[in-house]
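Undergrad: This structure is in structure tokens; I'll ask about it shortly.
The values are calculated or read from the model by the stated rules, or taken from the named source; none is laboratory data. Keep in mind it's a predicted model, so treat the numbers as computed, not measured. Don't worry about glycine lacking a Cβ; one is built from the backbone with ideal geometry, like all the others, and counts go over all protein chains shown.
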Amino acid sequence: EKGTYPHYMLKEIDEQPIVMRKIIREYQDENNELKLDKSIRSAMQKADRIYIIAAGTSYHAGLVGKDFIEKLAKIPTEVHVASEFSYNMPLLSEKPLFVFISQSGETADSRAVLVKIKELGHPALTMTNVPGSTLSREADYTLHLHAGPEIAVASTKAYTAQIAVLAILATDTAKAKGLELEFELMKELAIVANAMEVLTDQKEEMERLAREYLATTRNAFFIGRSGDYNVSLEAALKLKEISYIQAEGFAGGELKHGTIALIEDGTPVIALSTHENVNYSIRGNVQEVVARGANALIISMKGLEEDTDDFVLPSVHDLLTPLTSVIPMQLLAYYAALHRDCDVDKPRNLAKSVTVE
Ligand code: M6R
């Protein structure tokens, strides 16, 4: 039930800190050790390469997860759009492990891949919000997202839950392999939960920014580098699907290779800057688009802000910034859709689970 909320989407955005804390509880034992099914731990340890398969927002979470698995657990990882995988099946490694990420667990494109790789005899893990769903039943292992029912077509709390559970999976594997980690994941996730709360409390500001940047525009661009690039893809998808604004997310460095031709007077460009090593370069990109008339907004993180006009996120661990930077993106999309009188929870032409290929 959406209670006093006008839309499920807003309720689900607000639930993200609660979901984060629930995930921390569910995946930690009484000694504060990570708690994961032993069979999953051993499947991860055996794998020489991880193949993440997903669609839409879950695919975007997979892109963030690849970073975790490669940087923490040191296992090469590929992320594939489910509907493309069957046409262009990559050369598989000797001991692949397939990880299906799906909020609903019913996405037909992902299921088609699962059926195919099961025929080939490869192991599969499904990360889903619905244990008992088709993808969960047909895989060898399931990791539960614990996000609670997600009703709005636009996925919000499932995305952050997927990223958190991917971080837990990567960290658990790293520990099982005896690799050194310089941070304690669960403590960092607790910091993230608090930061999320600060952000969900800034609705008035996000409504104002959505009005200023997105109320009447025909198109919008999101730019980022490194981890911020992954979030810019998700930001663009969110805006497209509920506000019908043509939006594109792309890597800051790619601007000069074509997209900058689209910038004209008043074009909104929203830039993410949550990593120290990209802060200088992404701000350079912002200067380039502003010089061509863009209406630019920078979302940066505490310690990295250079401009008093930045929207500043609370500071969290460098690897985990997608968990916080996505929240203003979700809220911008929500308020842009409201300002444009769109049906927020049930956008046109879309279904919550896509059960046809
Ligand atoms: O249930 P799934 O996670 O498998 O769904 C995948 C996509 O259909 C889904 O994420 C879709 O892109 C959302 N509407 C995005 O908000």
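Undergrad: With Thr200, Thr128, Thr171 as the choices, which residue is in contact (Cβ under 8 Å) with a residue 24 or more places away in the chain, within 14 Å of the ligand (Cβ to nearest atom) and within 26 Å of Arg25 (Cα to Cα)?
TA: Unique residue meeting the criteria: Thr128.
Undergrad: Now for a different question. Just to check your reading of the model, which residue among Val130, Val153 is modelled with pLDDT under 95 and more than 19 Å from His317 (Cα to Cα)?
TA: Val153
Undergrad: If only one of Gly284, Gly293, Gly303 is in a helix (DSSP H, G or I), more than 22 Å from the chain's Cα centre (by Cα) and not β-branched (Val, Ile, Thr), which one is it?
TA: Gly284
Undergrad: Are there helices (runs of 4 or more DSSP H) fully within region 157-247 with at least 1 residues that are hydrophobic (A, V, I, L, M, F, W, C) and touching a Gly at 6+ places or on another chain (Cβ under 6 Å)? List them.
TA: Those helices (runs of 4 or more DSSP H) span 157-176, 227-243.
Undergrad: Determine which member of the set Met9, Met44, Met20 is in contact (Cβ under 8 Å) with a residue 24 or more places away in the chain, assigned to a helix (DSSP H, G or I), farther than 29 Å from Glu78 by Cα and not acidic (Asp, Glu).
TA: Of Met9, Met44, Met20, the one residue that is in contact (Cβ under 8 Å) with a residue 24 or more places away in the chain, assigned to a helix (DSSP H, G or I), farther than 29 Å from Glu78 by Cα and not acidic (Asp, Glu) is Met9.
Undergrad: Then there is this: From Leu92, Leu97, Leu114, grab the single residue that is surrounded by fewer than 21 Cβ atoms within 10 Å (Cβ to Cβ) and under 21 Å from Ala43 (Cα atoms).
TA: Of the residues listed, the single one that is surrounded by fewer than 21 Cβ atoms within 10 Å (Cβ to Cβ) and under 21 Å from Ala43 (Cα atoms) is Leu92.
Undergrad: While we're on this one: Let me spell it out: the conditions are (1) surrounded by 24 or more Cβ atoms within 10 Å (Cβ to Cβ); (2) within 17 Å of the chain's Cα centre (by Cα); (3) of a type in the set (A, V, I, L, M), and Ile168 meets all of them except one. Which number is the exception?
TA: The single condition Ile168 does not satisfy is (1).
Undergrad: Mind checking whether some residue in region 69-83 is polar (S, T, N, Q) and touching a residue at least 60 places away in the same chain (Cβ under 8 Å)?
TA: yes
Undergrad: Going by the structure shown, is Ala261 part of a helix (DSSP H, G or I), of a type in the set (Gly, Ala, Ser), closer than 22 Å to Ile327 by Cβ and free of Cβ contacts under 8 Å to residues at least 40 places away in the same chain?
TA: Criteria not met by Ala261.
Undergrad: Here is a list of conditions, (1) surrounded by 17 or more Cβ atoms within 10 Å (Cβ to Cβ); (2) more than 15 Å from the ligand (Cβ to nearest atom); (3) more than 30 Å from Leu72 (Cα to Cα), and Ala215 meets all of them except one; can you say which number that is?
TA: Here Ala215 meets the rest and fails (1).
Undergrad: Residues that are over 30 Å from Leu239 (Cα atoms): list the helices (runs of 4 or more DSSP H) wholly contained in region 50-132 that include at least 1 such residues.
TA: So the answer is 108-119.
Undergrad: Here's another thing I want to ask about it. Can you name the number of the only condition in (1) of a type in the set (A, V, I, L, M); (2) within 20 Å of the chain's Cα centre (by Cα); (3) loosely packed, with under 15 Cβ neighbours inside 10 Å that Val356 fails?
TA: With respect to (1) of a type in the set (A, V, I, L, M); (2) within 20 Å of the chain's Cα centre (by Cα); (3) loosely packed, with under 15 Cβ neighbours inside 10 Å, Val356 is out only on (2).
Undergrad: Out of region 23-51, which residues are touching a Lys or Arg at 6+ places or on another chain (Cβ under 7 Å), surrounded by 14 or more Cβ atoms within 10 Å (Cβ to Cβ) and basic (Lys, Arg)?
TA: Correct list: empty.
Undergrad: Restricting attention to region 52-67, and to residues there that are in contact (Cβ under 8 Å) with a residue 60 or more places away in the chain, of a type in the set (A, V, I, L, M, F, W, C) and surrounded by 24 or more Cβ atoms within 10 Å (Cβ to Cβ), which single residue is farthest from the ligand (Cβ to nearest atom)?
TA: Val64
Undergrad: Follow-up question, since we're still on this one. When you look at Glu1, is it over 18 Å from the mean Cα position of the chain (by Cα) and either crowded, with 24+ Cβ neighbours inside 10 Å or modelled with pLDDT under 95 (or both), yes or no?
TA: yes
Undergrad: While we're here: Give me the pairs: first residue in region 267-279 and modelled with pLDDT of 95 or more, second residue of a type in the set (S, T, N, Q) and not in a helix (DSSP H, G or I), beta-carbon distance under 6 Å, and six or more apart or on different chains, which are they?
TA: Pro268/Thr217; Pro268/Asn295; Ser273/Ser300; His275/Ser226; Val278/Ser226; Asn279/Ser273
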